[in-house]
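First the structure, in the form of structure tokens, and then the observations on it.
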Amino acid sequence: MCHNRPLEARNAIRSILTQSDMDFNLTISDNSSTDEVETLVKMEFPHVKFVRHRPMNPDHITYCVQAANTDYICVFHDDDVMSHDYVANMMKLVTRYPDAVAFASNAKIEYFGKTNREHSFLDYDVEVQIKTPYELAARYFSRHQLGIAPFPSYIYKRSIALKIPLEYVRGKYADVIWLLKLALSGDIIWTNKPLMTYRIHADSDGQQESRRDRLRLLRFLKNNASWIGRDVLDDYRCSFIYKPLVMKVKDKNSLKRLIAINFLSAYTCRRYFRFNTYKSAIKRAWVKIKLYL
């Protein structure tokens, strides 16, 4: 998937074309508003299948899933880079877990040009088997969570992905909602191996905050708390809604601030009576100890 980043796209395409296992089909899907990516591809990668969207496609991921003709699909991003053995390792996962609906990998994190020491997620298991939406949601929102597999690293079973389209109307966190829905249909498998580099830069979507979209995600979590988990919902409210609200409201007597503080106080009391609080904290500490020994 490309959008107005020709130099980054060149690096992404090269990383895909130098895989140790080349048994796959590659399509460059250009959703740019300019001609730079198209010019680059036609000059440097004329043998690769290229699709240009005119006008721009507002439902780009859904198009990619529908246009593919393989059993599995990876929707990679133009500003990230695959390691040379991404395909080989991920297809081993697909073979070992034929009933799983999606697969993802750990990643090196490049933050504004500097590679972080820690990877995208921490775990002491080589493979992480996520069996429920609750387990996945806890990875995103719970206290002492151990990180997540980045969205561009995912490979999907296409027959399942076709039945559960990604809803862009849910805003910038539509990808999280999509993954949670996919987890209802079967297991999600993560490999602890960092098989890509996830790049965070000034133009990254994650750098643009949106309170409106956070509230959209909150609405989804509330409406589906029966299978996502009330404790995960509380953790999300605390970390992503009420804490930022307290930090931004300068008037200490503001009604919004008082409501937020009251929720945080009640939440803190409930959290210390939850077994998962201590389980997560101990696991995080143990994984970090093993990582740095």
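The values are calculated or read from the model by the stated rules, or taken from the named source; none is laboratory data. This one's a predicted model, so the numbers in the text were calculated from it and none came from an experiment. Every residue, glycine as well, gets a Cβ built from its backbone with ideal geometry; the counts of neighbours run over all protein chains shown.
Filtered by the rule that a residue be under 20 Å from the mean Cα position of the chain (by Cα) and either surrounded by fewer than 17 Cβ atoms within 10 Å (Cβ to Cβ) or not polar (S, T, N, Q) (or both), the stretch 212-225 gives R212, D213, R214, L215, R216, L217, L218, R219, F220, L221. Of all residues in the stretch 167-193, those that are under 25 Å from M91 (Cβ atoms) and modelled with pLDDT of 95 or more have Cβ atoms under 6 Å from Cβ atoms of residues that are surrounded by fewer than 22 Cβ atoms within 10 Å (Cβ to Cβ) and basic (K, R), 6 or more apart or on another chain, in D187/K131. Can you spot a residue in the stretch 148-161 that is crowded, with 19+ Cβ neighbours inside 10 Å, more than 13 Å from the chain's Cα centre (by Cα) and in a helix (DSSP H, G or I)? Within the stretch 148-161, one or more residues are crowded, with 19+ Cβ neighbours inside 10 Å, more than 13 Å from the chain's Cα centre (by Cα) and in a helix (DSSP H, G or I).
Residues in the stretch 15-31 that are more than 13 Å from V81 (Cα to Cα), out of contact with any Lys or Arg (no Cβ under 8 Å at 6 or more places or on another chain) and in a loop (DSSP other than H, G, I, E, B): S20, D21, M22, D23, F24, N31.
Inside the stretch 186-236, counting only helices (runs of 4 or more DSSP H) that do not spill past its ends, which hold 1 or more residues that are β-branched (V, I, T)? Once the helices (runs of 4 or more DSSP H) in the stretch 186-236 are filtered for at least 1 residues that are β-branched (V, I, T), what remains is 225-228, 230-236.
Scanning the stretch 249-263 for residues that are among the hydrophobic types (A, V, I, L, M, F, W, C) and in a loop (DSSP other than H, G, I, E, B) yields one hit, V249. When T197 is tested against the conditions (1) out of contact with any Lys or Arg (no Cβ under 8 Å at 6 or more places or on another chain); (2) of a type outside the set (D, E, K, R); (3) touching a residue at least 12 places away in the same chain (Cβ under 8 Å); (4) surrounded by 17 or more Cβ atoms within 10 Å (Cβ to Cβ), the lone failure is (1).
On the stretch given as the stretch 39-59, residues that are surrounded by fewer than 18 Cβ atoms within 10 Å (Cβ to Cβ) and not in a loop (DSSP other than H, G, I, E, B) total 8. Counting only residues that are loosely packed, with under 15 Cβ neighbours inside 10 Å and hydrophobic (A, V, I, L, M, F, W, C), which one in the stretch 226-252 is modelled with the lowest pLDDT? Once the filter is applied, the top-ranked residue is M247. Scoring A12 on the criteria (1) in contact with a strand residue (DSSP E or B) (Cβ under 9 Å, 6 or more places away or on another chain); (2) more than 26 Å from M90 (Cβ to Cβ); (3) outside any loop (DSSP other than H, G, I, E, B) leaves a single failure, condition (2). Any residue at all in the stretch 56-67 that is in contact with a Pro (Cβ under 7 Å, 6 or more places away or on another chain) and either over 16 Å from A12 (Cβ atoms) or of a type in the set (G, A, S) (or both)? Yes; the residues of the stretch 56-67 include at least one that is in contact with a Pro (Cβ under 7 Å, 6 or more places away or on another chain) and either over 16 Å from A12 (Cβ atoms) or of a type in the set (G, A, S) (or both). The number of residues in the stretch 84-107 that are under 16 Å from Q19 (Cα atoms), surrounded by fewer than 20 Cβ atoms within 10 Å (Cβ to Cβ) and not aliphatic (A, V, I, L, M) comes to 4. Output the number of residues of the stretch 97-130 satisfying the condition of being under 25 Å from G186 (Cβ atoms), outside any strand (DSSP E or B), of a type outside the set (D, E) and touching a residue at least 40 places away in the same chain (Cβ under 8 Å). Number satisfying all stated conditions: 7.
Considering only the stretch 138-153, I want to know if a residue exists there that is in contact with a strand residue (DSSP E or B) (Cβ under 9 Å, 6 or more places away or on another chain) and free of Cβ contacts under 8 Å to residues at least 24 places away in the same chain. Yes - at least one qualifying residue is present in the stretch 138-153. Filtering the stretch 256-286 to residues that are of a type in the set (V, I, T) and surrounded by 12 or more Cβ atoms within 10 Å (Cβ to Cβ) leaves I259, I261, T277. Every listed requirement among (1) more than 20 Å from W178 (Cβ to Cβ); (2) charged (D, E, K, R); (3) within 21 Å of the chain's Cα centre (by Cα) is met by E38 save one, (3).
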